[in-house]
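The values are calculated or read from the model by the stated rules, or taken from the named source; none is laboratory data. Since we're looking at a predicted model, the values are computed, not measured. Note that each Cβ is placed from the backbone with ideal geometry, even for glycine, and that neighbours are counted across all protein chains shown. Each accessible area value is taken on the protein alone, full model and side chains, heavy atoms only, with ligands, DNA and RNA left out. Shrake-Rupley method; radii C 1.70, N 1.55, O 1.52, S 1.80 Å.
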Amino acid sequence: MKKINPEVKQLISELKLAEIMYRKTSLRVVDQPVKDQLASLADRKVNFMMGLMKQYDVDIETLMCEVSDMIRPEWEKLEIELDHLLLQGWEKDILDNCILREKKLIEIYKELSQDTGYDDFMTAMFASQLSETYDFLNELEDTKEVFVSIFSL
């Protein structure tokens, strides 16, 4: 039985924030390919969270309640910002927020993958997710670039 440490709990919190942000945004963005991309990213965040939680012997419902309590202030602030951007139709700024969220996750994955306190499997999981998150970041930056070029005409 592995005890979940604060760093992993923080990662799960950040993943949950990203998932909520991407889900909400995907429901309200007008551009269908962007909607699909954000929904896919949200699903990937959930899949990794579930895989990560399976490595620990924790009650998932209890942990998600703790995580929800941890992220509530940040989520409320983020929700207000997102609502404003969505109402204004500023998809470029929405994509900027998504890019910032991925950059924050990259920093966490870097730290966790370099931490010697984890077994080889967990270190490999973090390194793999780091690589995948770089891919997500590139996807989002490409989407933003295309979006900006189309709507700046």
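A few points about this structure:
- Positive minus negative residues near PRO33 (Lys, Arg vs Asp, Glu; Cβ under 12 Å): -4
- In the chain, the DSSP-assigned H stretches of four residues or longer account for a calculated mean residue ellipticity at 222 nm of -30500 deg cm²/dmol, using -39500 (n - 2.57) per stretch and the full residue count as denominator.
- Over all other residues within a Cβ to Cβ distance under 14 Å of LEU140, the charged ones net out to -4, with Lys and Arg as +1 and Asp and Glu as -1.
- Equivalent-ellipsoid semi-axes of segment 82-153, from the Cα gyration tensor, Å, largest first: 32, 13, 7
- Summed residue charge, Cβ within 12 Å of MET70's Cβ, Lys/Arg positive, Asp/Glu negative: -1
- The fraction of accessible area contributed by carbon and sulfur in segment 29-101 is 54 percent, rounded to a whole number (1.4 Å probe; ligands and nucleic acids excluded).
- The chymotrypsin sites (Phe, Trp or Tyr not before Pro) of segment 64-153 that meet both conditions, a loop assignment by DSSP and at most 15 other Cβ atoms within 10 Å of the site Cβ, are TRP90.
- Accessible area (Å², per residue) of the chain, counting only protein heavy atoms and a probe of 1.4 Å: 55 Å²
- Computed from Cα positions, the angle between helix 32-54 and the longest principal axis of the chain comes to roughly 10 degrees.
- Flagged links, alpha-carbon separation over 18 Å, of LYS16/LYS45; LYS35/LYS110; LYS16/LYS103; LYS24/LYS77; LYS77/LYS110; LYS24/LYS45: LYS35/LYS110; LYS77/LYS110
- For the chain, the longest principal axis of the alpha carbon atoms and the long axis of helix 6-28 meet at an angle near 30°.
- Crossing angle, helix 120-151 versus the chain [Cα axis fit, 0-90 degrees, rounded to tens]: 0 degrees
- Relative to the globular-protein estimate of 2.2 N^0.38 Å, the Cα radius of gyration of the chain stands at 1.08.
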